[in-house]
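Beneath this line is the structure, given in structure tokens, with notes to follow.
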Amino acid sequence: MINHLIQLLHSEGYSLVVANHNEIRTFSGRGISDLYNLITTDTSFLKGALLADKVVGKGAAALMIIGGITELYTDVISDSAWELFQTSSIKVSYKLRVPKIWNHAHTDSCPVEKLCKEAKTAEECFPIINDFLKKLKQ
């Protein structure tokens, strides 16, 4: 099943593909927005889900851990995301592991990864992510 999600991710240009409960959902949002929306509006869909994602930084990893996914494939994963996943039972595979995730303009680190840098657990990351996204909407 994960191979089918990876194929969809690449062939259709999605940023995130999630499968659970005999359903596949595809997303094209930027950053962690789609994962955050799933966590805050449909948490049960993430519990036990399989995911294929283009880029996973520490913030996305935290949301996936909190959501209770079981397996992830990502094209790119940051060192801090990889380390956070080591505290979970999630099966993770990736194409490339990098020291950090860049922002969209490639001028600095991803803002969420920067904000979560000192957080030791996924649970510590969540209020940081929540505050960041609420400020963006203002």
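Pairs needed: first member in the range 94-112, within 18 Å of Ile32 (Cα to Cα); second member anywhere, among the small types (Gly, Ala, Ser) and open to solvent by 90 Å² or more (accessible area, probe 1.4 Å); C-beta distance under 6 Å; at least 6 residues apart or different chains.
Listed pairs, sorted by first residue: none to list.
Do we find a residue being at pLDDT 95 or above, in a loop (DSSP other than H, G, I, E, B) and more than 19 Å from Tyr14 (Cβ to Cβ) anywhere in the range 50-57? Spell out the reasoning first.
Start the filter on the range 50-57 by keeping residues that are at pLDDT 95 or above, which leaves 50-57.
Cutting the leftovers down to in a loop (DSSP other than H, G, I, E, B) gives us 57.
After this cut, where a residue has to be more than 19 Å from Tyr14 (Cβ to Cβ) as well, the list is none.
Looking for residues that are at pLDDT 95 or above, in a loop (DSSP other than H, G, I, E, B) and more than 19 Å from Tyr14 (Cβ to Cβ), one finds none in the range 50-57, hence no.
In the range 70-98, which residues are among the small types (Gly, Ala, Ser), touching a strand residue (DSSP E or B) at 6+ places or on another chain (Cβ under 8 Å) and farther than 21 Å from Tyr14 by Cβ?
none
I'm checking my understanding of the structure. Among residues of the range 9-33 that are open to solvent by less than 30 Å² (accessible area, probe 1.4 Å) and not in a loop (DSSP other than H, G, I, E, B), which one is farthest from Ile101 (Cα to Cα)?
Top of the filtered list is Asn20.
The values are calculated or read from the model by the stated rules, or taken from the named source; none is laboratory data. In this text the structure is predicted, and so the values were computed from the model without any measurement. With ideal geometry, Cβ positions are generated from the backbone for all residues, glycine too; neighbour counts draw on all protein chains shown. When the accessible area is computed, the model is the full protein with side chains, heavy atoms only, and any ligands, DNA or RNA have been set aside. Shrake-Rupley method; radii C 1.70, N 1.55, O 1.52, S 1.80 Å.
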